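Have a look at the structure below, then the notes.
What follows is calculated from the coordinates using simple rules that are stated; it is not laboratory data. A quick note: this is a predicted structure, and the numbers were derived from the prediction, not measured. Quick reminder, even Gly has a Cβ in these numbers, built from the backbone with ideal geometry, and neighbours come from all protein chains shown.
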Amino acid sequence: MRFDSRSLRWLLPVLFILSTATQMAAQNTKQLPAGYIATLIKQAESGDAKAQFELGVMYRFGQSVSKDEVEAARWFRKAAEQKNALAQFNLGVAYTNGEGVPKNEAEAVRWYRKAAEQGNAEAQHSLGVAYVNGEGVPKNENEAYFWLTLEASALDEKVRSARDQVGEKLTPEKRLEIQERCRKWAETHPPNRN
C-alpha cells in the first residue's frame, strides 16, 4: 500500500482519538462520583500533571463538562509544561488544528518534538509527517525517515509502510545510517507511553 501526504494526514486525527480513547471509554462506562470534577480541578490547580491532562481531555471532548477547546488547550499546556508526553502531543494537535489556540504549525512541531523525544509514538508519527510535508519545519526526508522509523518500531504495518515509502527516496547507506541513529536513540530514550 502506498501513502501520499494526503493519506498520511488522516492518520493524525485517528492517532489523536486512539491516544485519548482509554480515558474517554473509562469516563463513558461509569458514572463519575459526586465531587469528582471539583476534586480533579483542585488537584490540577495544585499542579498535578495527570489531573491537568485529564481535565484537558474532558474539556476537549465535553466529557462530564461543557466542551471548551480553549480550556482544553489551557490544561494540556499546564501538563505539557510538566513534561507529560500525552499532553504535549495533544497540545501539538491543538496547534495543528487551531483548536483552542491559533493554528500554528511551527508551535505544533515544537510540542510534537517534546513528546516524541520522550518516546510517544503518535508524536513521532506527527513529527515525521511534518518533515514529509514541510509543515512547521523544512521538508527533510532524512528526519522524516528517522521519526517514522522510531514510531514504526512501536506500531503496526501501516506505519511501517508509510516509513518505507519515505525510505525508498533515500540511499541504502542513508537508511542504514538513520536506522543506526534510531537504535542509539532508543538505547538512551526508554519508551514513554503516558
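If I ask for residues that are charged (D, E, K, R) and either within 11 Å of the chain's Cα centre (by Cα) or crowded, with 24+ Cβ neighbours inside 10 Å (or both), which ones from region 90-109 would you list?
Correct list: empty.
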Those residues of region 46-84 which are surrounded by 24 or more Cβ atoms within 10 Å (Cβ to Cβ) and closer than 14 Å to ARG113 by Cα amount to ALA80, ASN84
